[in-house]
Amino acid sequence: MSFLCAFYALGLRKKMIDSMKNLLFMMIVAVNTVALVGCSKDNPAPMPQSGFVVSKTLIESGEVVSFTNNSQNAIRYEWDFGNGQSATIQNPTMQYNQPGSYVVSLSAFNEDNQAQVSTIIVKVGERYLKSFTIKQISFLDQSGLAHDSDGSGPDIFFYAGKAYNPKEYYTFYFENLKPDDLPITLNMEQTNVKLSDEDWRFELYDLDPLNEALMVYWSFNPKQYSRNNKIEMSGLGYLIDLNYEIR
């Protein structure tokens, strides 16, 4: 009888020890879980702030633009340039070859993989002929004679057009031009003269006396020159700026 009681007491003690071990294990797991949850709530990564600037928001086709990333609290980046191309470097560049409006987006991610997105629109336009600024001309023709025998000064205007049709477009004219009038600007009468990627011809004429007398001309592809909204044409005593705009 005493043996049985002792055996029973021993078994009961073992069960109590096992129960205490299990309870202790559960308490440790619970404490660690609370600690982990507490850490994740109390110390989150700062939210990223996405931001960037672009070198130009209005460009012409074929031009390269650069993007400067000024995001904060970010460790990685995803760029979408709106033309099917993307990048993950911090400060990329991109060349746009087709006219249109492109929405450029930057996704900035923090250490917790949270993201914020910022966007800028880049417009890719084409060159349109705007005007001619005449800074210097020769007041004598190639024979050394005045363009106007009465000394009144030439009445000047420009023709412009593709090489096979050089008189397609024209400017307003300036009457009785004199040296003191320079510089002057002759605006295009037409407002949608797109400078295509081919050879063009630009001709300066004198209307006196009641006819068109060619003074000077230039032939070239205007898309191959300058990216400063003007092309300088010079020679034979003339200095003239061809002015264009991107739209």
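What the table shows:
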{"read-out": "Top positive-direction residue, dipole computed over region 52-125 with Cβ charges, set Gly125, Tyr102, Asn73", "value": "Gly125"}
{"read-out": "Estimated vicinal HN-Hα couplings, Hz - region 135-141 in sequence order (Karplus 6.51, -1.76, 1.60; Gly, Pro = x)", "value": "9, 7, 9, 8, 8, 10, 7"}
{"read-out": "Relative packing of peptides 122-132, 236-246 - highest average C-beta neighbours within 10 Å first", "value": "122-132, 236-246"}
{"read-out": "Under the Karplus curve 6.51 cos²θ - 1.76 cosθ + 1.60, θ = phi - 60°, whole-Hz ³J(HN,Hα) for region 148-164, x wherever Gly or Pro sits", "value": "10, 5, 8, x, 6, x, x, 9, 10, 7, 10, 9, 8, x, 5, 3, 7"}
{"read-out": "Region 127-246: projected area of the alpha-carbon convex hull, averaged over directions, in nm²", "value": "7.1"}
{"read-out": "Lysine pair count for region 127-246 [Cα-Cα under 23 Å; pairs on different chains or 8 or more apart]", "value": "17"}
{"read-out": "Spin-label model distance (nm) - Arg227 vs Asp150, 7 Å beyond Cα toward Cβ", "value": "5.0"}
{"read-out": "Cα-centre dipole for region 63-164 with unit charges at Cβ (Lys and Arg positive, Asp and Glu negative), debye to 20", "value": "100"}
{"read-out": "Test item: Cα-centred dipole of region 111-240, Lys/Arg +1 and Asp/Glu -1 on Cβ, debye", "value": "420"}
{"read-out": "Translational diffusion of region 197-247, µm² s⁻¹ [Kirkwood Rh, Cα pairs; Stokes-Einstein; 20 °C; 1.002 mPa s]", "value": "173"}
{"read-out": "FRET efficiency for Tyr217 and Ser55, using Cβ-Cβ distance with R0 set to 35 Å, rounded to 0.05", "value": "0.45"}
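Quick note: the coordinates plus some simple rules give every number you see, no bench work behind them. All of these numbers come straight from a predicted model, not from anything done at the bench. All Cβ positions, glycine included, derive from the backbone under ideal geometry; neighbour counts span all protein chains shown.
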